[in-house]
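Report on the following structure.
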Amino acid sequence: MKKIAILGSTGSIGTQTLEIVRANGDIKVTALSAGKNIDLLEKQIREFKPRLAAVWSEELAAELKGRVRDTDVEIVSGMDGLLAVASERESEILVTAIVGMIGILPTIEAIKAGKDIALANKETLVTAGHIIMSLAKERHVSILPVDSEHSAIFQSLQGGQSKSLSKILLTASGGPFRGKKREELADIQVEDALKHPNWEMGRKITIDSSTMVNKGLEVIEAKWLFGVTVDQIQVVVQPQSVIHSMVEYEDGAVIAQLGTPDMKLPIQYALYYPERRYLPGDRLDFTALSQITFEKPDMETFYGLKLSFEAGRKGGSLPTVLNAANEKAVALFLDRKIRYPEIPEIIASCMESHRNIDNPTVDEILKTEQETYEFIKNRW
């Protein structure tokens with residue numbers, strides 16, 4: 001019986017992880033956490049019977065505690081609650097499905113406690129990859145990617161010689177505005193940006209996919225996960241989302257992972273690695289698939305991707321600025337307080353004003369995040 005804890009159990013990745021638990025029957029959920037959705041968390045507690053559950057707000061935690069007082073679950077709150085879930089004594093794997101830089105400290109706590117990490121929180125590596133990967137190596141902990149693209153790279157490297165890796169080919173759908181020019185994005189509304197052509201995702205990541213900043217964050221994440229330079233990563237637009245990513249070896253061989261757009265596959269692969277298990281769902285029908293096409297990304301129109309490459313190359317605290325500025329800008333756009341083209345404008349402005357810190361500590365990373373938020377608050 002495999003034992004797991006989940007940070008962000010009520011979100012898209014968290015709920016799909018629990019679907020896999022439900023379907024297989026040989027995984028025990030020891031701890032869960034949610035932000036605000038205590039209605040769903042209560043249902044999850046009653047079904048999966050974890051020992052521990054965390055809610056961010058003390059008030060909601062108190063309400064949930066009253067609701068589930070007939071169970072044996074312990075309810076905790078705040079950052080201390082997340083740290084408790086991350087280091088829960090019985091769990092072997094922590095699924096980090098929480099969104100944002102709030103995932104950094106719990107991930108570090110889990111690694112220190114010897115837990116393997118099924119990583120769906122890209123911000124952790126984008127901002128603190130130099131800390132996370134060295135700590136994981138020191139504690140002999142596995143970082144197992146859950147992002148579709150990074151899982152595809154990880155799968156494509158199985159059986160290969162990672163020392164012979166020449167290049168990573170990170171695929172992107174291009175999002176709902178593929179082919180448009182910068183001037184055509186001026187009047188984009190929230191509803192337009194939330195219509196992803198291939199994937200069902202949360203609101204924030206769907207906006208990130210439309211601006212291609214998400215792909216930029218994935219470039220930085222891949223740098224840390226696979227020990228490559230940013231210049232060894234090439235983004236390739238593959239609109240059908242059939243090829244999830246590829247690796248090229250020194251001899252020119254390219255290995256790809258293909259499949260239908262379904263996040264359950266990378267989640268299940270991370271949970272059971274190195275075992276592969278049957279997963280119900282659609283299969284690729286190559287006789288019905290008329291073509292697979294490729295394009296270069298338009299980094300002038302979607303210059304958030306260009307800014308991401310810049311941040312990834314320079315490193316230090318600049319990726320934190322990129323990430324924090326994007327988080328705040330997307331939130332402002334979703335609240336209809338800024339226009340769509342202002343998202344990359346805000347990121348660029350924050351990066352230009354930042355004095356980079358080489359090899360930042362966790363405290364410096366979190367301070368940089370807050371300074372970036374303050375910069376935006378004072379100007380937008």
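The values are calculated or read from the model by the stated rules, or taken from the named source; none is laboratory data. Since the structure is predicted, the reported quantities are computational estimates derived from the model, not experimental observations. Note that each Cβ is placed from the backbone with ideal geometry, even for glycine, and that neighbours are counted across all protein chains shown. Surface accessibility is based on the protein's heavy atoms, side chains included, excluding ligands, DNA and RNA. Shrake-Rupley method; radii C 1.70, N 1.55, O 1.52, S 1.80 Å.
Restricting region 48-61 to residues that are touching a residue at least 12 places away in the same chain (Cβ under 8 Å) and part of a helix (DSSP H, G or I), the residue that is farthest from Gly14 (Cα to Cα) is Glu58.
In the set Lys215, Lys195, Lys181, Lys223, which member is free of Cβ contacts under 8 Å to residues at least 60 places away in the same chain and open to solvent by 10 Å² or more (accessible area, probe 1.4 Å)? Give the steps one after another, and end with the answer.
Values: Lys215 fails: free of Cβ contacts under 8 Å to residues at least 60 places away in the same chain; Lys181 fails: free of Cβ contacts under 8 Å to residues at least 60 places away in the same chain; Lys223 fails: free of Cβ contacts under 8 Å to residues at least 60 places away in the same chain.
Just a single option satisfies the conditions, and that option is Lys195.
Can you find, within region 125-153, the residue that is modelled with the lowest pLDDT among those that are surrounded by 23 or more Cβ atoms within 10 Å (Cβ to Cβ) and either over 29 Å from Leu366 (Cα atoms) or charged (D, E, K, R) (or both)? Among those that are surrounded by 23 or more Cβ atoms within 10 Å (Cβ to Cβ) and either over 29 Å from Leu366 (Cα atoms) or charged (D, E, K, R) (or both), it is Asp147. Using the structure shown, decide if Gly316 is open to solvent by less than 70 Å² (accessible area, probe 1.4 Å) and not in a helix (DSSP H, G or I). Judged against the criteria, Gly316 is a match. Being surrounded by 22 or more Cβ atoms within 10 Å (Cβ to Cβ) and more than 22 Å from the chain's Cα centre (by Cα) is a description that applies to Ile75.
What pairs come out if I take residues in region 1-13 that are open to solvent by 30 Å² or more (accessible area, probe 1.4 Å) and pair them with residues that are of a type in the set (D, E, K, R) whose C-beta lies under 6 Å away, six or more apart or interchain? Pairs found: Met1/Asp26; Met1/Lys28; Lys3/Lys28; Lys3/Glu90; Lys3/Glu92. Every condition in (1) within 21 Å of Lys36 (Cβ to Cβ); (2) open to solvent by 10 Å² or more (accessible area, probe 1.4 Å); (3) outside any loop (DSSP other than H, G, I, E, B); (4) at pLDDT 95 or above holds for Val85 except the one numbered (2).
Whenever a residue of region 232-256 is aromatic (Phe, Trp, Tyr), its partners that are part of a strand (DSSP E or B), lying with C-beta atoms within less than 7 angstrom and at least six residues away or across chains, give the pairs Tyr249/Leu165; Tyr249/Ser166.
Name the single residue, out of those in region 351-380 being of a type in the set (A, V, I, L, M, F, W, C) and within 22 Å of the chain's Cα centre (by Cα), that is most open to solvent (accessible area, probe 1.4 Å). So that I can check it myself, show each step before the final result.
The initial filter retains those residues of region 351-380 that are of a type in the set (A, V, I, L, M, F, W, C), namely 351, 357, 362, 365-366, 375-376, 380.
From the residues that got through so far, the ones that are within 22 Å of the chain's Cα centre (by Cα) too are 351, 362, 365-366.
Numbers: Met351: 15, Val362: 28, Ile365: 1, Leu366: 49 Å².
Across region 351-380, the extreme among qualifying residues is Leu366.
Tell me whether region 295-303 contains one or more residues that are assigned to a helix (DSSP H, G or I), of a type outside the set (S, T, N, Q) and either closer than 30 Å to Thr17 by Cα or open to solvent by 30 Å² or more (accessible area, probe 1.4 Å) (or both). Spell out how you get there, then give the answer.
Here is the first cut: in region 295-303, the residues assigned to a helix (DSSP H, G or I) are 303.
Among the residues that remain, those that are also of a type outside the set (S, T, N, Q) are: 303.
Adding the requirement that they be either closer than 30 Å to Thr17 by Cα or open to solvent by 30 Å² or more (accessible area, probe 1.4 Å) (or both) leaves 303.
Yes - at least one qualifying residue is present in region 295-303.
Taking the numbered list (1) surrounded by fewer than 18 Cβ atoms within 10 Å (Cβ to Cβ); (2) at negative phi in turn, Arg336 passes all entries but (2).
Of all residues assigned to region 256-265, at least one qualifies as being over 28 Å from Lys3 (Cβ atoms), modelled with pLDDT of 95 or more and open to solvent by less than 60 Å² (accessible area, probe 1.4 Å).
Put simply, of Val73, Val29 the only residue that is touching a Phe, Trp or Tyr at 6+ places or on another chain (Cβ under 7 Å), farther than 28 Å from Asn323 by Cβ and of a type outside the set (S, T, N, Q) is Val29.
Here Ala288 does not fit the description of being over 17 Å from Thr206 (Cα atoms) and open to solvent by less than 50 Å² (accessible area, probe 1.4 Å). Residues that are buried (at least 16 other Cβ atoms within 10 Å of the Cβ) and out of contact with any helix residue (DSSP H, G or I) (no Cβ under 7 Å at 6 or more places or on another chain) were ranked within region 22-36; the one that is nearest to Ile98 (Cα to Cα) is Gly35. The single condition from (1) at positive phi; (2) buried (at least 22 other Cβ atoms within 10 Å of the Cβ) that Ala54 fails is (1).
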